[in-house]
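Here is the structure we will look at.
The values are calculated or read from the model by the stated rules, or taken from the named source; none is laboratory data. These numbers come from a predicted model, not from an experiment. Cβ sites come from the backbone with ideal geometry, for glycine too, and all protein chains shown count toward neighbours. Calculation scope for accessible area: heavy atoms of the full protein, side chains included, ligands and nucleic acids excluded. Shrake-Rupley method; radii C 1.70, N 1.55, O 1.52, S 1.80 Å.
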Amino acid sequence: MLKRRNAAVVVAGLGLALSLTACGSDDGEGGGEGNDSTGEGKIGVILPDTESSVRWESADRPALEAAFEEAGVEYAIDNAEGDAERMTQIADSMIGDGVTVLAIVNLDSESGAAIQEKAASAGVATIDYDRLTLGGSAEYYVSFDNTVVGELQGQGLADCLGDKPSNIVYLNGSPTDNNATLFAAGAHSVLDGMDNITVVGEQAVPDWDNEEAATIFQQLYTAADGKVDGVLAANDGLGGAAIGILEGNGLAGEVPVTGQDATVEGLQNILAGTQCMTVYKSATQEAGALAEAAIALVNGEDAETTGTVEDTEGGRDVPAILLEPQSITKENVNDVIEDGGQTVEDVCAGDFAKLCADAGIS
Ligand code: BGC
């Protein structure tokens, strides 16, 4: 069985895996030689897109490859490119190819649930990776505690604003993503009780589309007569869109903006002072947890869970492995780099070399 102590090896393997990363499908020949615990299984993973966050291809794919290689299990990873029909087709072909476990990051609960139903009738076990499929039938849910992610964002924004009276705008994630609901709920649970904070606009961004986010933020900003003191953006891409509009109004750096995913762009914005915080969710940890759960399913064993999460639509408690997210500000950008979440070369490229040096990152 894949043990926790393998995490260090997985991290070490990440550099190599990163350099081999490419878009598109990807078959691993793991085979399980010399590893008597993996059996005959093959694990299929379908990532959602390449646009809603760079994380899926730049962090998750290499971390998943490293985790499966380390476990010596056969795998296939593909990306639905934001198209639910395409995800269904990929799932069909993975099931046809004989995967024993199928993990998806759904694009919406309805299409995700349909994929899981089909898989189940073909005898294929399923796992929800990162996003819970409401009304689905996954055996396990592997993610971070997404309510805590929202709480960290709310607290991060409150800390950046201080005690002064502040008008804030929420730029929430996709309405089809259950995580987005949890992020917003977590942030509200922290900010709603603060007397100095007034919400002057709140909107969800369909499909987490960064371009649409800029348009939406511009509208919210105009509707508030430009009286916006802080932005609760649900991830780094949406935050970047808001920062772009603020820049056009000479306000970048004046108005704190939150984020999530600790992307290169997000960390650079933090170093430049235009973003107040991000939330780091180690892809190595999440991919490792997925690999463990998948291998347990392959072997007909129970995976170690941290509890259950409620599927409010299906009315069931889904066995879950929820990991702990970490708040990142200028003070601890280095934590992400030390953990292998990003590299100095990427974050400190070009003009950012000086900002990195100032922040003690080298
Ligand atoms: C993930 C975030 C990601 C967003 C957009 C969410 O479900 O948890 O990490 O930024 O989707 O892809």
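Structure notes:
- ³J(HN,Hα), Karplus 6.51/-1.76/1.60, whole Hz, each residue of region 148-156, x for Gly, Pro: 5, 3, x, 5, 5, 5, x, 5, x
- Less than 5 angstrom separates the built amide H of V205 from those of N172, G173, S174, all sequence-distant by 5 or more or on a different chain.
- Contour excess over end-to-end distance, with Cα ends at V199 and K354 and 0.36 nm allotted per residue: 52.2 nm
- For C160, solvent-accessible area (1.4 Å; no DNA, RNA or ligand), Å²: 60 Å²
- DSSP-defined beta bridges in the chain - what % are antiparallel, rounded to 5: 25 percent
- Over the chain, DSSP H runs of length four or greater, each weighted -39,500 (n - 2.57), average out per residue to a 222 nm ellipticity of -12500 deg cm²/dmol.
- Out of every Cα-Cα pair that region 170-306 contains, those further apart than 17 angstrom amount to 63 percent.
- Built from the Cα atoms of region 80-167, the convex hull projects on average onto 7.4 nm², one quarter of its surface area.
- Cα convex hull of region 122-241, projected area averaged across orientations, nm²: 8.2 nm²
- DSSP beta bridges confined to region 188-327 are antiparallel in about 90 percent of cases.
- Amide hydrogen proximity for D49: with H placed 1.01 Å from N in the peptide plane, the residues at 5 or more positions away or on another chain lying under 5 Å are A80, E81, G82.
- Here the spin labels are modelled as points 7 Å beyond Cα on the Cα-Cβ line, and at N299 and D339 they lie 2.7 nm apart.
- At 1.002 mPa s and 20 °C, Stokes diffusion of region 38-105 via Kirkwood alpha-carbon radius, µm² per second: 175 µm²/s
- Helix 84-96 vs. the chain, principal-axis angle (Cα, 0 to 90°, nearest 10): 20 degrees
- Sequence-separation-based contact order of the chain, relative, with Cα cut under 8 Å and 6+ spacing, percent: 17 percent
- For region 269-338 versus region 142-193, the gap between their alpha-carbon centres in whole angstrom: 17 Å
- Difference of contour (0.36 nm per residue) and Cα-Cα distance, T215 to A122: 29.1 nm
- J(HN,Hα) series, region 277-288, from Karplus relation 6.51 cos²θ - 1.76 cosθ + 1.60, nearest Hz, glycine and proline x: 6, 9, 10, 8, 10, 4, 5, 4, 5, 5, 5, x
- Sequence-separation-based contact order of region 161-225, relative, with Cα cut under 8 Å and 6+ spacing, percent: 42 percent
- Within the accessible area of region 90-246 (1.4 Å probe), percent carbon and sulfur: 50 percent
- For region 211-293, averaging the sequence separation of C-alpha pairs within contact (under 8 Å, six or more residues apart) and dividing by the residue count gives a relative contact order of 25 percent.
- Candidate residues S174, S362: accessible-area rank, largest first, probe 1.4 Å: S362, S174
- Two-site label geometry, D317 and D163: point separation in nm, points 7 Å out along Cα→Cβ: 4.3 nm
- Whole-Hz Karplus values for region 61-73 come out as 4, x, 5, 5, 4, 5, 5, 6, 4, 4, 7, x, 10 Hz, taken residue by residue from phi with 6.51 cos²θ - 1.76 cosθ + 1.60 and θ = phi - 60°; glycine and proline positions read x.
- Rolling a 1.4 Å probe over the heavy atoms of the protein chains gives the chain an accessible area of 41 Å² per residue.
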